[in-house]
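Contents: one structure, followed by commentary.
The values are calculated or read from the model by the stated rules, or taken from the named source; none is laboratory data. All values derive from a computational prediction rather than experimental measurement. Quick reminder, even Gly has a Cβ in these numbers, built from the backbone with ideal geometry, and neighbours come from all protein chains shown.
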Amino acid sequence: MKKVKRIKITSLDYAILGLIHQEPLSGYGIRKQFETTALGNYSSSPGAVYPALDRLQQLGMVVKSRLAEQKKDRFKCTDKGIVTLKQWLLLPITIADVAKKTEELLLKFAFMDNLLNNIQKIVFLESFQKQLKIYLEELKAFHSKEGASLPLNGRLAFEHGLASYTTTYKWCKNAITAIRTHQEKQNM
């Protein structure tokens, strides 16, 4: 019996799904997005992007198409790709995500437009905020106990991280308010 190789979806794959859900893009267009936007932490290398696109095609999450007026093939999400993207967006947030993947959490939030409703977006932000609060308490306790014994530059770098997480916590609160205000205006 032949073993079927399971293909694991990577964060790069999810980033690509999110981009092409917003608008169909060529492989080159995806690479340009990674080079010229805040998505720069993803490789724009053809050796990363094109194998990811092949993987997503094999999984039936994207298809290649070309309109008559286009010179290049463009990739777009299939229904399966959209379902997979939504599932990723709705994964529970953990303290480990907050500590190690804050940029990925913000990327998820950016891709939620036209995929999730306002209640789901608020639940995501409230969960993010809750995990941030727990993590911040841990960081503050460490700083209070060990901060004075850290080398100066180490302590200052740690304090930068603390300030960054505090800012993200406040941003969550503001984002929740903005979504609620937007929803109220739409309901008027």
Reported set for the stretch 102-139 where residues are surrounded by fewer than 16 Cβ atoms within 10 Å (Cβ to Cβ), over 18 Å from LEU17 (Cβ atoms) and out of contact with any helix residue (DSSP H, G or I) (no Cβ under 7 Å at 6 or more places or on another chain) is ASN117, ILE119, VAL123, LYS130, GLU137, GLU138
For VAL62, are the conditions met, namely being over 26 Å from LEU132 (Cα atoms), free of Cβ contacts under 8 Å to residues at least 12 places away in the same chain, among the hydrophobic types (A, V, I, L, M, F, W, C) and not assigned by TED's automatic domain parsing to the domain that holds GLN129? no
Consider LEU115 carefully, then state whether it is at negative phi and not in a helix (DSSP H, G or I). yes
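Select, from PHE75, PHE142, the only residue that is in contact with a strand residue (DSSP E or B) (Cβ under 6 Å, 6 or more places away or on another chain) and either farther than 30 Å from MET61 by Cβ or not in a helix (DSSP H, G or I) (or both). Please lay out each step first, then the result.
Working: PHE142 fails: in contact with a strand residue (DSSP E or B) (Cβ under 6 Å, 6 or more places away or on another chain).
Only one candidate qualifies: PHE75.
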Residues satisfying the stated conditions in the stretch 33-53, i.e. more than 19 Å from SER65 (Cβ to Cβ) and within 19 Å of the chain's Cα centre (by Cα): PHE34, GLU35, THR36, THR37, ALA38, LEU39, GLY40, ASN41, TYR42, SER43, SER44, ALA48
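Any chance you could count how many residues in the stretch 145-178 are small (Gly, Ala, Ser) and closer than 25 Å to ILE119 by Cβ?
Quick first cut of the stretch 145-178, residues small (Gly, Ala, Ser) only: 147-149, 154, 157, 161, 163-164, 175, 178.
Adding the requirement that they be closer than 25 Å to ILE119 by Cβ leaves 175, 178.
Residues meeting the conditions: 2.
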Just a yes or no: is a residue in the stretch 65-76 at pLDDT 95 or above, charged (D, E, K, R) and either surrounded by fewer than 17 Cβ atoms within 10 Å (Cβ to Cβ) or assigned by TED's automatic domain parsing to the domain that holds ILE122 (or both)? no
